[in-house]
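All remarks here apply to the structure that follows.
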Amino acid sequence: MDDPEYAQARRDLVADIRRRLDVSDTVLSAIEAVPRHAFVPDDRRAHAYEDRPLPIGHDQTISAPHMVAIMTDLLDLERGDRVFEVGTGCGYHAAVLAGVVGPRNVFTAEYVPELAEAARDRLDRLGYDVTVYAGDAREAFREEPPFAAASVTCAPDDGVPESIVDRVQTGGRVVAPV
């Protein structure tokens, strides 16, 4: 799935983000390691490494890489931290998070069942050990112990729901594009 052209495009993207933003090398390394082209529809692959959102179907988009970098960096995660992502979409941001915190530490919820199923399959096929829940994030992973952080990838109209905030341990972080 990866070829030298895509690898170079990722390196160029990361170099551009590094020039424009102050984010950690850990986050930049994770972005460079994740094949964004594998997360976009075939007809969008030529644009996979442009730093902008792209449509993924069901009126949803894959976030711009710089936004993924900013949000992931603000979470201030370490290897082994457990993180709850709201809004799996195609699974790209979950893969980047997994690159930072390691396998079995990312729990992500997607409301659109078709996107959740496709993301689960894609993440598995690409070797990312991420737990994907199909349904309302306010109900997801209630049996799990509190997370170190939560990443809300969509802009909530009324702020981050209390049921998401309550899933994060005391002193943890919640990041959302509000």
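The values are calculated or read from the model by the stated rules, or taken from the named source; none is laboratory data. Since the structure is predicted, the reported quantities are computational estimates derived from the model, not experimental observations. Cβ: placed from backbone, ideal geometry, glycine included. Neighbour counts: every protein chain shown. Side chains included, ligands, DNA and RNA excluded: accessible areas come from the protein's heavy atoms. Shrake-Rupley method; radii C 1.70, N 1.55, O 1.52, S 1.80 Å.
Observations on the structure shown:
- Some residue of the range 53-66 being part of a loop (DSSP other than H, G, I, E, B), touching a Ser or Thr at 6+ places or on another chain (Cβ under 7 Å) and free of Cβ contacts under 8 Å to residues at least 60 places away in the same chain: yes
- Complete set of residues in the range 34-52 that are in a helix (DSSP H, G or I) and free of Cβ contacts under 8 Å to residues at least 40 places away in the same chain: H37, D42, D43, R44, R45, A46, H47
- Only a single criterion out of (1) polar (S, T, N, Q); (2) open to solvent by 50 Å² or more (accessible area, probe 1.4 Å); (3) under 11 Å from the mean Cα position of the chain (by Cα) is not satisfied by S63, namely (2).
- Residue among A98, A48, A69 that is small (G, A, S) and more than 14 Å from the chain's Cα centre (by Cα): A48
- Qualifying residue in the range 90-101 (condition: modelled with pLDDT of 95 or more and in contact with a Cys (Cβ under 9 Å, 6 or more places away or on another chain)): no
- Tabulated pairs, the range 1-27, first without any contact (Cβ under 8 Å) to a residue 24 or more places away in the chain and under 21 Å from V101 (Cβ atoms), second of a type in the set (S, T, N, Q) and in a helix (DSSP H, G or I), C-beta under 9 angstrom, 6+ apart or interchain: V14/S29
- Of the residues D129, D158, the single one that is closer than 22 Å to C90 by Cα and of a type in the set (D, E, K, R) is D129.
- Qualifying residue in the range 113-132 (condition: modelled with pLDDT of 95 or more, more than 30 Å from P4 (Cβ to Cβ) and touching a helix residue (DSSP H, G or I) at 6+ places or on another chain (Cβ under 6 Å)): yes
- Looking only at the range 99-108, and only at residues there that are touching an Asp or Glu at 6+ places or on another chain (Cβ under 7 Å) and of a type in the set (A, V, I, L, M, F, W, C), the one that is farthest from A150 (Cα to Cα): V101
- Where helices (runs of 4 or more DSSP H) fall entirely within the range 83-178, those with at least 1 residues that are surrounded by fewer than 15 Cβ atoms within 10 Å (Cβ to Cβ) and free of Cβ contacts under 8 Å to residues at least 12 places away in the same chain are at 113-126, 162-165.
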